[in-house]
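Report on one structure; see the data block that follows.
Since every read-out is calculated from the coordinates, none of them should be taken as a lab result. Because the structure is predicted, anything quoted here is derived from the model rather than measured. Ideal geometry is used to build each Cβ from the backbone, glycine not excepted, and the neighbour counts take in all protein chains shown.
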């Protein structure tokens, strides 16, 4: 079965799963530290506050990883032949993303309703349908909007009509032009069309493109990966070393003067790190690998857990040290996301996967 083969591939390159775990943990801690500082909770900043809140860079790392994974899971190694049709690809992606995303949105809306007695439905509807404009609730769903755009552009360019591959290059390149000529982006405005253009041609495209390029190298140039595996880089592909690298990127980004500089720094650093993590490991860190697999549920549901726990702690222990609060809330969010992954996401993903495989067959078999 093609899905089992894909899992075997990613078990080999377990370092990619380590990076997914690091990205998810960074976002969890960033949100815990930032939210705990709100006046309605504890109203003070944890030690190293700026460092923790820069964990939002985990999102940029997620985008590079996503570009890599989509290419590797869509093409056969060596000859680069597509393993999925356009519709198979979109159906598989929708089945992988939408059920858990919808569950996160609906459950968050229910929580808000009980907590506040009312809610504004439009941001939830925007998020539910991944519209390319408008505000989202819960906030973290905005990243899936960019994932969905990436899937559509990639599928159209590489699977539906390979002659349209330049479309993908244009999609990646336009944000660079926009950054070079800021007046272009400002002219898009805040209308529905302007917001849609801003999201379709967002700077995040460059991160997806970088990941896709690394995936192409992995699929078509195994000799490059073999040389990398014989280099000193192989010693970096461990969870402690990768955490240290991510922390160095965060510390370096804190000294950058502009957002553009942060984007360039993280793009280069994360692309190099993902490339290093294509090395096959002789020994797999099972805990890190598991957290990488659970990263989607951790990312989707950590705001539910963090906001609930912060409300409880602020009510029953308002004098609790904010550093302890951030640690407790972060740990609870990771643990809760892992439980959701094991008992909700995995069964749903397997069920949806069986339906998808029953309907579609690998392209080679057609």
Original post:
Any idea what angle helix 204-220 forms with the longest principal axis of the chain, computed on alpha-carbon atoms, 0 to 90 degrees, nearest 10?
Top reply: 40 degrees
Subject >> Hull shadow area, averaged, region 120-203 [alpha-carbon convex hull, nm²] >> reply: 5.9 nm²
Subject >> Nitroxide proxy distance, nm - points 7 Å out along Cα→Cβ at residue 350 and residue 122 >> reply: 4.3 nm
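What list do you get for 159, 328 if you sort them by fewest beta carbons within 10 Å? Walk me through the numbers on the way to the answer.
Details: 159 21, 328 16.
Least to most surrounded, the residues fall as 328, 159.
Can you tell me the convex hull volume per residue for region 67-106, based on C-alpha atoms, in Å³ to the nearest whole number?
Details: hull volume 2.6 nm³, N = 40.
With only Cα atoms used, region 67-106 gives 65 Å³ per residue.
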Original post:
How long are the semi-axes of the ellipsoid equivalent to region 124-171, from square roots of 5 times the Cα gyration tensor eigenvalues, in whole Å, largest first?
Top reply: 27, 9, 7
Subject >> Cα-based helix-to-principal-axis angle, 259-276 vs the chain, degrees rounded to 10 >> reply: 50 degrees
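More than 18 angstrom separation, counting every C-alpha pair in region 7-54; what % is that? Mind showing how you got there, number by number?
Numbers: 510 of 1128 pairs.
Roughly 45 percent, rounded to a whole number.
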Subject >> Debye log10 I(q)/I(0) at q = 0.10, 0.11, 0.14 Å⁻¹ for region 263-353, Cα point scatterers >> reply: -0.42, -0.50, -0.74
Original post:
Looking at [x] 61, 48, 47; [y] 62, 45, 40; [z] 78, 47, 37, which value of Cα extents along the principal axes in Å comes from a calculation on the structure shown?
Top reply: [x]
**OP:** Select from 270, 154, 38 the residue whose mean-square fluctuation is largest in a Gaussian network model of the chain (Cα-Cα springs shorter than 10 Å).
**Re:** 38
Original post:
On a 0 to 90 degree scale, rounded to 10, what angle separates helix 57-74 from the longest Cα axis of the chain?
Top reply: 30 degrees
**OP:** Measure out, as a whole number of angstrom, how far apart the alpha-carbon centroids of region 45-81 and region 265-325 sit.
**Re:** 13 Å
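Two decimals is fine: what's Rg over Rh for region 43-159, C-alpha atoms, Kirkwood radius as Rh? It would help to have the intermediate numbers written out before the result.
Values: Rg = 17.8 Å, Rh = 16.6 Å.
Value, to two decimals: 1.07.
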